[in-house]
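Enquirer: The structure's right below; bear with me while I get my questions together.
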Amino acid sequence: MAIQISGPSYGDVTWRIEVPAAERLALGAGGLEGELAAAVAAVRAGGGGRCRLWIGHVAPADDDLAARWGFTPYRDLWQLRRTLPAPPSDLPVRPFEPSDAAAVLALNRRAFSWHPEQGDMTAADLRARRSEPWYDPAGFLLHEREGRLAGFCWTKVHAGGGPPPDDVAMGEIYVIAVDPDFQGRGIGTPLTLAGLAHLHSRGPATAMLYVESDNAAANAVYERLGFRRHHTDRAYAADL
């Protein structure tokens, strides 16, 4: 099965069905229906309950297909891309050090208090991500102001070589956060540019990031920085 199933008791829902972007493209127009039918049957056989469905690289007909199984769309995550290099940044930044973990987690909670996943990052989550093969402390950039952490830009390099849409080497703005106490002071744009400069130094000619479709302030900044929407990942929910 190309679709991934998690559950029961998966976070704030009982089940999660995920169709990654590469799998969605590989399945084509007709293949998704059979895979989704099998996934729904597996969830029901496991006791059913509240279920979240993620479809990466969503296609126009996917809403109708999801609706046939009772799924209603409720969240769009946009992938934005731009070419590198980007304009330079003059914002002072430094690499992450292990002693920064507590300050990073505190800022992350404050900056993403509204976010359904990112705001819940724990010390264990942070350690796990730092143990991933892609992790590079030189690409985890911190900006300090007035003697405290004001923002960070965490970058990630994707080597490419996989199935579409992951067949091109890309640099990702993985997480960018500005402490609410420092918002409105012109930190977000140069902090993003600092991250893009680091990514360009590692070789990729394309940068990408994910952003909530309804985050108007962030999307306005990214549009000014030359990012454009590449595709949409959509979340649906249903009681199965």
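The values are calculated or read from the model by the stated rules, or taken from the named source; none is laboratory data. Please read these numbers as outputs of a predicted model, since none were measured by experiment. Because the Cβ atoms are built from the backbone with ideal geometry, glycine has one as well, and the counts that use them run over all protein chains shown. We work out accessible area using only protein heavy atoms, side chains counted, and drop any ligands, DNA or RNA first. Shrake-Rupley method; radii C 1.70, N 1.55, O 1.52, S 1.80 Å.
Yes/no matrix, rows are residues, columns are (1) in contact with a helix residue (DSSP H, G or I) (Cβ under 9 Å, 6 or more places away or on another chain); (2) touching a residue at least 24 places away in the same chain (Cβ under 8 Å); (3) not aromatic (Phe, Trp, Tyr):
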site	(1), (2), (3)
Gln4	yes, no, yes
Gly47	no, yes, yes
His57	yes, yes, yes
Ala61	yes, yes, yes
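Enquirer: From the list Met208, Met121, Met170, which residue is of a type outside the set (Phe, Trp, Tyr), farther than 30 Å from Gly70 by Cα, free of Cβ contacts under 8 Å to residues at least 40 places away in the same chain and touching a strand residue (DSSP E or B) at 6+ places or on another chain (Cβ under 9 Å)?
Expert: Working: Met208 fails: free of Cβ contacts under 8 Å to residues at least 40 places away in the same chain; Met170 fails: free of Cβ contacts under 8 Å to residues at least 40 places away in the same chain.
Checking each option against the conditions leaves just Met121.
Enquirer: Let me ask you something else. Answer yes if at least one residue in region 214-228 is over 19 Å from Ser113 (Cβ atoms), modelled with pLDDT of 95 or more, open to solvent by less than 20 Å² (accessible area, probe 1.4 Å) and in contact with a strand residue (DSSP E or B) (Cβ under 6 Å, 6 or more places away or on another chain), and no otherwise.
Expert: yes
Enquirer: Right, here's the next one. For the condition of a type in the set (Gly, Ala, Ser) and open to solvent by 20 Å² or more (accessible area, probe 1.4 Å), what is the one hit in Gly151, Gly171, Gly195, Gly203?
Expert: Gly203
Enquirer: Right, something else. Only one of (1) over 30 Å from Arg127 (Cβ atoms); (2) among the small types (Gly, Ala, Ser); (3) open to solvent by less than 50 Å² (accessible area, probe 1.4 Å) is not met by Ala101, so which one is it?
Expert: (1)
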